[in-house]
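Engineer: Would you mind keeping the following structure in view while I ask a few things?
The values are calculated or read from the model by the stated rules, or taken from the named source; none is laboratory data. Computed from a predicted model, the values in this text were never measured in an experiment. Ideal geometry is used to build each Cβ from the backbone, glycine not excepted, and the neighbour counts take in all protein chains shown. Note: areas computed on protein heavy atoms with side chains; ligands, DNA, RNA excluded. Shrake-Rupley method; radii C 1.70, N 1.55, O 1.52, S 1.80 Å.
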Amino acid sequence: MCRHLAYVGPPVTVSSTVLDAPHSLLHQSYAPTDMRGGGTVNVDGFGVGWYPGPNGDALRYRSVAPIWADDSFAALARATRTTALLGAVRSATTGMPVTPSANAPFVDGRWLFSHNGLVAGWPDTVVDLAGELPVRDLLTLDAPTDAALLWALVRHRLRSGADPADVLAGVVAAVAAAAPGSRLNLLLTDGVGIWATAWDHALSLRVTEDSVTVASEPTDELAPWIEVPDGHLVEARPGLHRLHSPLTTAGVR
């Protein structure tokens, strides 16, 4: 399974969270503490998205190399400052392609998205859900993977103007009903807020007066990290957060 994190707050270098923290995304890529099945080393590439300015669209770097083997990214990350980012390292599900385009984050304008987990019975279990998407969205998937399809489902609902929390809750409920046994930790940011689900996988949250971080695992031992309960959705921004459980009231669990 993959590891991912998102940060919103005062300007920081990309490397500070992704590479330099005691249990950074880099450290989690080879020494995770709570994978809950699906491998232990995230060797199948990585990606990071960030924002060059307050009103600009997100930028993205993706590589098929393990995050610890990409010196070019390390140099870029040290030199790049941002007020928000989303990063992910990948352990590909057996049978899924290992290409840069299969790596999170997936991007559309200011939206950045990641999936940590798997869709059980892929692809047969979600054929009907895929059929609800516009044909163009299916033809332009980043990759033939469960994560790319989940992103297409999320993006389609976001474009209709739906609330991001409702979007993630609805996608998780629909996919979990169609594909029982799936692991569906979804992570979404627009550079201002963060929305995430915990569905049969680990997720933690830290909110301070001026920043928020949501991550598969705490990136350090500093208080106060909050473990997001399984079956819950969190929406957060600097100084505030809300934990709620529409995922458990959708008739799925």
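Engineer: Among residues belonging to the stretch 56-75 that are without any contact (Cβ under 8 Å) to a residue 12 or more places away in the chain and more than 16 Å from Val107 (Cβ to Cβ), point out the one that is most open to solvent (accessible area, probe 1.4 Å).
Structural biologist: Asp71
Engineer: I'm told Leu133 meets every condition in (1) buried (at least 21 other Cβ atoms within 10 Å of the Cβ); (2) touching a His at 6+ places or on another chain (Cβ under 7 Å) except one. Can you identify the failing condition by its number?
Structural biologist: (1)
Engineer: Show me the strands (runs of 3 or more DSSP E) entirely contained within the stretch 119-217 in which 2 or more residues are of a type outside the set (A, V, I, L, M). Spell out the reasoning first.
Structural biologist: On the way: elements: 183-189, 194-198, 204-207, 212-215.
Once the strands (runs of 3 or more DSSP E) in the stretch 119-217 are filtered for at least 2 residues that are of a type outside the set (A, V, I, L, M), what remains is 183-189, 194-198, 204-207.
Engineer: Could you tell me which residue of the stretch 105-118 is least open to solvent (accessible area, probe 1.4 Å), considering only residues that are in a loop (DSSP other than H, G, I, E, B) and farther than 18 Å from Leu203 by Cα?
Structural biologist: Applying the filter and picking the extreme gives Gly109.
Engineer: Next question. Look through the stretch 209-231, keep the residues that are open to solvent by 50 Å² or more (accessible area, probe 1.4 Å) and in contact (Cβ under 8 Å) with a residue 40 or more places away in the chain, and return whichever of them is farthest from Ser245 (Cα to Cα).
Structural biologist: Glu221
Engineer: Sticking with this structure for a sec: Return the pair list, or none, for Cβ contacts closer than 9 Å from residues in the stretch 157-178 that are over 14 Å from His244 (Cβ atoms) and touching a residue at least 12 places away in the same chain (Cβ under 8 Å) to residues that are of a type in the set (S, T, N, Q) and part of a helix (DSSP H, G or I), at least 6 apart or on different chains.
Structural biologist: Val175/Thr125; Ala178/Thr125
Residues checked against (1) under 14 Å from the mean Cα position of the chain (by Cα); (2) more than 30 Å from Pro54 (Cα to Cα); (3) modelled with pLDDT of 95 or more:
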site: Ala215; (1), (2), (3): yes, no, yes
site: Pro224; (1), (2), (3): no, no, no
site: Leu233; (1), (2), (3): yes, no, yes
site: Ala236; (1), (2), (3): no, no, yes
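Engineer: Next question, about the same structure. Taking the residues in the stretch 15-46 that are open to solvent by 40 Å² or more (accessible area, probe 1.4 Å) and among the acidic types (Asp, Glu) as candidates, determine which candidate is modelled with the highest pLDDT.
Structural biologist: Top of the filtered list is Asp20.
Engineer: Val12 - would you say it is without any contact (Cβ under 8 Å) to a residue 40 or more places away in the chain and surrounded by fewer than 22 Cβ atoms within 10 Å (Cβ to Cβ)?
Structural biologist: No, not satisfied.
Engineer: Would you please list the contacts, defined by Cβ atoms under 6 Å and residues six or more apart or on different chains, that run from a residue in the stretch 107-127 that is on the phi > 0 side of the Ramachandran plot to a residue that is buried (at least 18 other Cβ atoms within 10 Å of the Cβ) and part of a strand (DSSP E or B)?
Structural biologist: Every condition considered, the pairs that remain are Gly117/Arg183; Gly117/Leu184; Gly117/Asn185.
Engineer: In the stretch 83-90, is there at least one residue being farther than 17 Å from Ser114 by Cβ and surrounded by 18 or more Cβ atoms within 10 Å (Cβ to Cβ)?
Structural biologist: Scanning the stretch 83-90 turns up at least one residue that is farther than 17 Å from Ser114 by Cβ and surrounded by 18 or more Cβ atoms within 10 Å (Cβ to Cβ).
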